[in-house]
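Novice: Can you read through this structure? Questions will come right after.
The values are calculated or read from the model by the stated rules, or taken from the named source; none is laboratory data. As the structure is a computational prediction, the values presented were derived from the model and not from experiment. Because the Cβ atoms are built from the backbone with ideal geometry, glycine has one as well, and the counts that use them run over all protein chains shown.
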């Protein structure tokens, strides 16, 4: 409630989110060897948008973060209370929040190559002084990639070759592991599902035989492949 003699809008001015001076020494470095861009948005803190470019083991991508803040509402007559969040907490949140939601990531020995180091470092400094951390991150990421490929094989089989069952991360894993012999790595347009002319179930048009009813749904393709069938 406005008091006598108070200028209009004074209450709004008191409740602005104005940050206190920032400690210039409070820095942490997030390191990524994941070959895809990462973007994390934290709506409850300021600054709250963090972007990391694609990285590799030889050229790790880095993001130096400082402290952020969030505000607690005491009551309508007092300014919002600023609660600082250290750079280490911010960096830890970036890594955990991104990785926790990924399929088959266990946050231990099977996860993307993403970690953080207290302090501000360049990519060259990280390669020189933190080699064991990069090697550990590479091993964790390779194991995660292998599990993604195994899961993709199972999903491809169970879904009758539905290309929508294969995640982008699984395709990326094959690329990074130099795996080229997976049927689900082909062009998505060539692996779209069509209706079987015999039973009406969905089948992969790259294969002439319906997995459901075993009918030869595409005789021309079966002849081209020179298939023989038991009587």
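Novice: Against the conditions (1) within 30 Å of residue 174 (Cα to Cα); (2) at pLDDT below 95, where does residue 5 fall short? Just the number, please.
Specialist: (1)
Novice: Restricting to region 48-78, what's the tally of residues that are in a loop (DSSP other than H, G, I, E, B) and either modelled with pLDDT of 95 or more or surrounded by fewer than 14 Cβ atoms within 10 Å (Cβ to Cβ) (or both)?
Specialist: Filtering region 48-78 for residues in a loop (DSSP other than H, G, I, E, B) gives 48, 53-60, 66-67, 73-78.
Checking which are either modelled with pLDDT of 95 or more or surrounded by fewer than 14 Cβ atoms within 10 Å (Cβ to Cβ) (or both) leaves us with 53-60, 66-67, 73-78.
So the answer is 16.
Novice: Moving to a separate point now. Among the residues of region 144-175, count how many are in a helix (DSSP H, G or I), at pLDDT 90 or above, within 20 Å of the chain's Cα centre (by Cα) and surrounded by 15 or more Cβ atoms within 10 Å (Cβ to Cβ).
Specialist: 15
Novice: Still on this structure: Among the residues of region 182-206, which ones are part of a loop (DSSP other than H, G, I, E, B) and modelled with pLDDT of 80 or more?
Specialist: 182, 196, 197, 198, 199, 200, 201
Novice: While we're looking at this one, here's another question. Of these, 98, 116, which one is modelled with pLDDT of 95 or more and farther than 25 Å from residue 23 by Cα? Steps first, answer last, please.
Specialist: Values: 116 fails: farther than 25 Å from residue 23 by Cα.
The conditions single out 98.
Novice: Same structure, new question: Any residue that is assigned by TED's automatic domain parsing to the domain that holds residue 131, buried (at least 17 other Cβ atoms within 10 Å of the Cβ), assigned to a strand (DSSP E or B) and touching a helix residue (DSSP H, G or I) at 6+ places or on another chain (Cβ under 7 Å) - is there at least one of those in region 101-111?
Specialist: No, region 101-111 has no match at all.
Novice: Being modelled with pLDDT under 95, surrounded by 14 or more Cβ atoms within 10 Å (Cβ to Cβ) and part of a loop (DSSP other than H, G, I, E, B) is the filter here; which residues of region 23-47 pass it?
Specialist: Those that are modelled with pLDDT under 95, surrounded by 14 or more Cβ atoms within 10 Å (Cβ to Cβ) and part of a loop (DSSP other than H, G, I, E, B): 42, 45.
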